[in-house]
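What follows draws every value from the coordinates through simple rules; no lab data is involved. Because the structure is a prediction, the values reported are computed rather than measured. Note that we place each Cβ from the backbone using ideal geometry, even for glycine, and neighbour counts take in every protein chain shown.
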Amino acid sequence: MPPRTHWENVYSAVPAEDVSWFQHRALRSLRLIRETGLPLSASILDVGGGASTLVDDLLREGYSSLAVLDLSEVALSIAKARLGDHAQRVIWIVADITHAGMPDHSVDIWHDRAVFHFLTSDVDRQAYIDTVLRVVKPDGHVIVATFDEDGPTRCSGLPVMRYSAGALHSTFGAPFELLAHERESHTTPGGNIQQFVYCHCRRSGSSARP
Ligand SMILES: C[S@@+](CC[C@H](N)C(=O)[O-])C[C@H]1O[C@@H](n2cnc3c(N)ncnc32)[C@H](O)[C@@H]1O
């Protein structure tokens, strides 16, 4: 089944609060974004944001340049409906991040929770990293959360990759400086514990791709 169909089916069949990755509030992501120290005008892209409430909190905090990208139009519709009129303050992009045509150097903060780890082929991972290098401004921030080495081997019925902070950073490579990393024990709506690792990197200041 094509990935887009898979995700549209999931978000059509399961209430957003019942999916295993659901968080009432994405407080760790919110804190990591705040800790970049960038102003409220910083351009933030939530990659594979789905129906996450991170965008609600970012709007409440006063961030004014927000985009949420996801393969699933249904997921983005759930977030838009929840936000009501405030949804107009966000750019919504239905796209596959491995083929997304966003403008070069347009993003100050790239955020991804639980998306990169679904990329199980070298080709897709490289396409994702090439997109980060192209789209994130020099010296911009990249916050990526995946399952940790002791996290689950599957999510939403799909196989996933698991990473230590070091392995995730070396997958991204030399153009990224690892500023910080932390673990999170996520409790799913069903009561299971899943270990995540969050890496906060800075994209190198050079605008040249390696
Ligand atoms: C496990 S969910 C995480 C959702 C959200 N980041 C959160 O933390 O609540 C993975 C999300 O990534 C999206 N996704 C999966 N592969 C993708 C891709 N190649 N491009 C864009 N979005 C993708 C799915 O539609 C889904 O919304």
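Structure notes:
- Rounded to whole Å, sorted largest first: equivalent-ellipsoid semi-axes of segment 114-164, Cα gyration tensor: 23, 13, 8
- You can think of it this way: the chain between GLU182 and SER156 has 7.0 nm of extra reach, that is 0.36 nm per residue less the Cα-Cα gap.
- For the chain: relative contact order, % (alpha-carbon pairs under 8 angstrom, 6 or more apart): 19 percent
- For the Cα trace of segment 3-203, dividing Rg by the Kirkwood Rh returns an Rg/Rh value of 0.92.
- Taking 0.36 nm per residue of separation and subtracting the Cα-Cα distance, full extension of the segment from LEU40 to HIS105 would add 21.6 nm.
- Per-residue [θ]222 nm for the chain (sum of -39500 (n - 2.57) over DSSP H runs n ≥ 4, rounded to 500): -8500 deg cm²/dmol
- Here the residues SER185, SER29, SER77, SER65, ranked from fewest to most Cβ neighbours within 10 Å of their Cβ, fall in the order SER185, SER77, SER65, SER29.
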